Amino acid sequence: MRERIALAAVRRTLPARMTADAVAAMPDGLHAAVAGSGSPLPDARRGNSCLAVVAGPRVFVVDAGERASETLNRMGIATERIEAVLLTHFHSDHIGGLGSLALQRWVAGPARTPMRVIGPPGVERVVAGYNQAYAMDCAYRTAHHGEAVAPSEGAGMAAEPYSIAQESDSIVLLEQDGLTITAFTVDHAPVVPAVGYRFDYRGRSLVVSGDTSYSPVLVRVAKGADLLIHDALSRELLKLVEDAARRAGRAGMAKIFADIPSYHASPQQAADAAREAGVRALAVTHIIPPLPMKALEGPFLGDAPQRFAGPLWIAKDGDLYSLLAGGEGVERATMIRRGPAA
Ligand SMILES: [Zn+2]
Ligand SMILES: [Zn+2]
């Protein structure tokens, strides 16, 4: 009986899942869809970094960590809509999902051009490595399904490197049809280059920090933006993890936990950056350490809510932040439906 109900549920929900296109239903404006709000630390609730930015009909993806394509799929964001991926830096948790994202986009279209991957110098190496690793897979799929379904010219990725001039700390990457994308340097030393991105569309704006400690450049570039999405690491909670690792005799892990606060902002510093930049709303992401219980969200934020007067959210996978054209506020919704067939 239960099996018959399960099969009926699958039959009923499959048509909608096959045609899922959440972007088509979004009103005109800027939208940020969180497909990965975690870090390299294993986290059942959060995938590695990935954010889809929707500007009118256009879709860009900022970073593609592990689970990126799976979560985008659960959110109904059709991969064939992705115009380009923008990388912030080349840490594994920001690039580990590129291979499967390129594969999903390729066969979903099917795509007749490789997936564009835009980033600072180094993006060519990442893309060349992925293309080499996936070359056999792509050839198998074209041989199996044919050129019409898996066209060889659309397989893999194409790197588009850009440089930010030494004397400058930002560069406009795109200015077209009311959309402007700006890249700016952030401080994730010893990881160089590391950048964040600002998107402006029809009077609305959002800024993605990438991985950074408190960054004066970000504060300047983010001036007056509607929404700032900033990485955040709680020193207090991570210290608990570090101490536990040391007591367990895991000195190497303890050293890592002691090292990483130097190149990520705390929630308090993210709040300070938001206040100083005069942004309307702040969402913290790249959550370190994992928060397995909701009751840990208060301790994670500490006094960040006292430092920034606007709405302050802890980003979750599936979150959608919407900045409607002609509007003023930031609306938050969830795009992941949880149910028996989801
Ligand atoms: Zn990083
Ligand atoms: Zn990271």
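Points worth noting:
- For the chain, the spread of Cα positions along each principal axis, largest first, Å: 56, 55, 44
- Histogrammed with a bin width of 10 Å, the alpha carbon distances of segment 260-311 distribute as 24, 54, 21, 0 percent, first bin at zero.
- Rg of the Cα atoms in segment 184-342, relative to 2.2 N^0.38 Å, amounts to 1.11.
- Length-normalised contact order for the chain - Cα pairs under 8 Å, 6+ apart - percent: 17
- Crossing angle, helix 98-108 versus the chain [Cα axis fit, 0-90 degrees, rounded to tens]: 30
- All Cα pairs of segment 179-234, percent lying beyond 15 Å: 42
- Rg to Rh, two decimals, where segment 24-132 supplies the alpha carbon set and Rh follows Kirkwood: 0.95
- C-alpha long axis of helix 235-247 to longest principal axis of the chain, angle in °: 80
- Axis of helix 2-18 versus longest Cα principal axis of the chain: the two differ by about 90°, to the nearest ten degrees.
- Once divided by 2.2 N^0.38 Å, the Cα radius of gyration of segment 5-68 becomes 1.42.
- Normalised convex hull volume, segment 138-240, alpha-carbon set, Å³ per residue: 206
- Cα-based Rg of segment 278-342 normalised by 2.2 N^0.38 Å, two decimals: 1.31
- Most mobile listed residue (GLY178, GLY249, GLY146) in the chain, GNM with C-alpha springs under 10 Å: GLY249
- Carbon plus sulfur fraction of accessible area for segment 204-342, probe 1.4 Å, in percent: 58
- By the rule of a C-alpha distance below 28 Å, with chain neighbours fewer than 8 residues away ignored, the lysines paired with LYS294 are LYS239, LYS255, LYS316.
- Burial ranking of peptide ranges 81-91, 36-46 (average Cβ count within 10 Å, highest at the top): 81-91, 36-46
- Count Lys and Arg as plus one, Asp and Glu as minus one, and take only other residues whose Cβ is under 14 Å from that of LYS294; the net charge is then +2.
- Heavy-atom accessible area ranking, 1.4 Å probe, most first, across GLU236, GLU3: GLU3, GLU236
- Label zone (THR13, point 7 Å along Cα-to-C-beta; backbone nitrogen cut-off 14 Å) within segment 55-91: 74-76.
- Segments 163-169, 274-280 sorted - mean Cβ within 10 Å per residue, highest first: 274-280, 163-169
- Choice from GLY109, GLY97, GLY196 with maximal GNM fluctuation in the chain (Cα, 10 Å cutoff): GLY109
The values are calculated or read from the model by the stated rules, or taken from the named source; none is laboratory data. This one's a predicted model, so the numbers in the text were calculated from it and none came from an experiment. Don't worry about glycine lacking a Cβ; one is built from the backbone with ideal geometry, like all the others, and counts go over all protein chains shown. Accessible surface areas use protein heavy atoms only, side chains included; no ligands, DNA or RNA. Shrake-Rupley method; radii C 1.70, N 1.55, O 1.52, S 1.80 Å.
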